[in-house]
Structure formats: C-alpha cells, structure tokens
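Engineer: Just passing along the structure, written as structure tokens.
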Amino acid sequence: MSTMSKSSSLRPARVILYLLLALFCIYYLLPLYVMVVNSLKPLAEITSGGMMALPKEWTLAPWESAWSSAQVGVEATGLRPYFLNSIIMVVPAVALSTLVGALNGYVLTKWTFRGATVLFGLLLFGCFIPFQMVLIPMARMLGLMGLAGTVPGLIFVHFVYGIGFSTLYFRNYY
C-alpha cells in the first residue's frame with residue numbers, strides 16, 4: 001500500500017515536469033517551425049505578415065529556386081553544386097578520420113606501451129586547440145603541398161582535425 005500512495009503522490013509532480021519539458025521543447029523548436037513554414041509559402045504571403053501561420057497556399061517553388069535556378073543578374077547557380085561539393089568533401093574526411101581514430105583508440109586501449117598516455121594526451125590536446133591558432137600554419141602547409149584551394153586539401157584538413165576527436169571517442173568505446 002505504501003508504494004501505491006508514494007507513486008500516486010509523485011504523479012502530479014511528474015505531470016508538471018513533463019508539461020514543463022514539453023513547453024521547453026516547443027520553445028526550442030519554434031525557430032525551426034517558423035523556417036520550415038515560411039519556406040513553404042509564396043513571398044507575398046510571407047511579406048504580408050503572420051510568420052507563425054500555416055501557409056494558405058502551399059508551394060515548393062522557393063525550394064526549387066534555391067536548389068537549382070540561377071537568379072537574374074547574379075552568378076549564383078543554386079545550392080546543388082555546393083551541396084554536392086560538401087558531400088564530396090565530408091564523406092571521405094569522416095570515413096578516413098573514423099577509420100584512423102578507431103585504429104588509434106584500439107591501440108591505445110588494448111596495447112600497453114611506453115608513452116601511450118602521453119600520446120593520447122597530445123591527441124586529446126589537439127582537440128582543444130582553437131582552430132584560429134592553426135589557420136596560418138595550415139594554410140602554409142597546404143600551399144607547400146600544392147593542396148591550397150582544393151577539395152583534397154579540405155578533405156585533408158578535416159581528416160587531420162577529426163583524428164583527435166575520433167580517437168577520444170573510440171578509446172572510450174573500447
């Protein structure tokens with residue numbers, strides 16, 4: 001009987017907690033809602049006000065325009081080539097840094113050797129160096145390697161910068 005009364009006394013507090021959490025979720029997701037809803041409205045409907053209202057006329061024209069069309073007088077070609085360029089850069093960089101980080105994490109966890117803790121500390125230290133500190137040396141090295149301004153150069157930079165993070169994650173996993 002005591003467990004029944006105890007759980008029933010906690011019930012109103014739990015309901016209030018869930019309502020409060022739901023309210024915070026709605027507040028947090030409100031900008032996403034406004035962005036998506038307004039992206040599905042024609043421009044005239046957006047400029048007339050009522051950003052929170054659902055569209056009276058649903059349209060995908062803004063999405064199509066942003067994806068593929070060129071604007072008059074502007075050299076923009078839409079988001080398609082930039083999106084594809086990002087995919088071409090991100091997939092190899094993530095795959096390579098994940099593979100090397102998994103190997104590093106395994107070695108640093110399963111094999112004991114002199115200096116393993118120091119090596120892991122240096123890799124971990126590399127995660128927390130502000131990116132602004134490495135911009136000039138990185139740019140010089142990419143220039144010397146002939147990779148400046150290229151997609152392979154971007155892949156290399158993200159690969160190297162991701163090794164520390166992925167090593168940390170995989171060392172903790174193993």
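Engineer: Taking only the range 28-51 into account, find how many residues are within 20 Å of GLU64 (Cα to Cα) and either surrounded by 13 or more Cβ atoms within 10 Å (Cβ to Cβ) or not β-branched (Val, Ile, Thr) (or both). Before the answer, list the steps.
Structural biologist: Looking only at the range 28-51, we keep the residues that are within 20 Å of GLU64 (Cα to Cα), and these are 32-47.
Filter again for either surrounded by 13 or more Cβ atoms within 10 Å (Cβ to Cβ) or not β-branched (Val, Ile, Thr) (or both), leaving 32-33, 35, 37-46.
Looking only at that region, the number is 13.
Engineer: What are the residue pairs meeting all of these: first residue in the range 126-148, first residue under 13 Å from VAL160 (Cα atoms), second residue surrounded by 10 or more Cβ atoms within 10 Å (Cβ to Cβ) and not hydrophobic (A, V, I, L, M, F, W, C), Cβ atoms under 6 Å, and 6 or more apart or on different chains?
Structural biologist: As it stands, the answer is GLY126/GLY164; CYS127/GLY164; LEU142/GLY153, since those pairs meet every condition given.
Engineer: All but one of (1) surrounded by fewer than 11 Cβ atoms within 10 Å (Cβ to Cβ); (2) within 23 Å of the chain's Cα centre (by Cα); (3) among the hydrophobic types (A, V, I, L, M, F, W, C) hold for LEU54; which doesn't?
Structural biologist: (2)
Engineer: What pairs can you find where one residue is in the range 16-45 and within 30 Å of ALA61 (Cβ to Cβ), the other is open to solvent by less than 100 Å² (accessible area, probe 1.4 Å), and their Cβ atoms are less than 6 Å apart, with a gap of 6+ or different chains?
Structural biologist: ASN38/ILE46; SER39/PRO62; LEU40/PRO55; LYS41/PRO55; PRO42/THR59
Engineer: Here is a follow-up. So which helices (runs of 4 or more DSSP H) stay within the range 79-174 end to end and still have 3 or more residues that are in contact with a Lys or Arg (Cβ under 9 Å, 6 or more places away or on another chain) and surrounded by fewer than 12 Cβ atoms within 10 Å (Cβ to Cβ)?
Structural biologist: Because the criterion is at least 3 residues that are in contact with a Lys or Arg (Cβ under 9 Å, 6 or more places away or on another chain) and surrounded by fewer than 12 Cβ atoms within 10 Å (Cβ to Cβ), no helices (runs of 4 or more DSSP H) in the range 79-174 meet it.
Engineer: So, VAL160, is that one of a type in the set (A, V, I, L, M), within 30 Å of SER68 (Cα to Cα) and modelled with pLDDT of 90 or more or not?
Structural biologist: In short, no.
Engineer: Could you tell me whether LEU122 is in contact (Cβ under 8 Å) with a residue 24 or more places away in the chain and under 15 Å from THR167 (Cβ atoms)? Lay out the reasoning, then the answer.
Structural biologist: Values: in contact (Cβ under 8 Å) with a residue 24 or more places away in the chain: no; under 15 Å from THR167 (Cβ atoms): yes.
Judged against the criteria, LEU122 is not a match.
Engineer: Select from the range 44-102 the residues that are in contact with a Leu (Cβ under 6 Å, 6 or more places away or on another chain) and either under 30 Å from THR167 (Cα atoms) or modelled with pLDDT of 95 or more (or both) and list them in ascending order. Steps first, please.
Structural biologist: The initial filter retains those residues of the range 44-102 that are in contact with a Leu (Cβ under 6 Å, 6 or more places away or on another chain), namely 55, 58, 66-67, 89.
Within the range 44-102, MET89 is the sole residue that qualifies.
The values are calculated or read from the model by the stated rules, or taken from the named source; none is laboratory data. Predicted model, so just to flag it, every value in this text is computed and none were measured. All Cβ positions, glycine included, derive from the backbone under ideal geometry; neighbour counts span all protein chains shown. We work out accessible area using only protein heavy atoms, side chains counted, and drop any ligands, DNA or RNA first. Shrake-Rupley method; radii C 1.70, N 1.55, O 1.52, S 1.80 Å.
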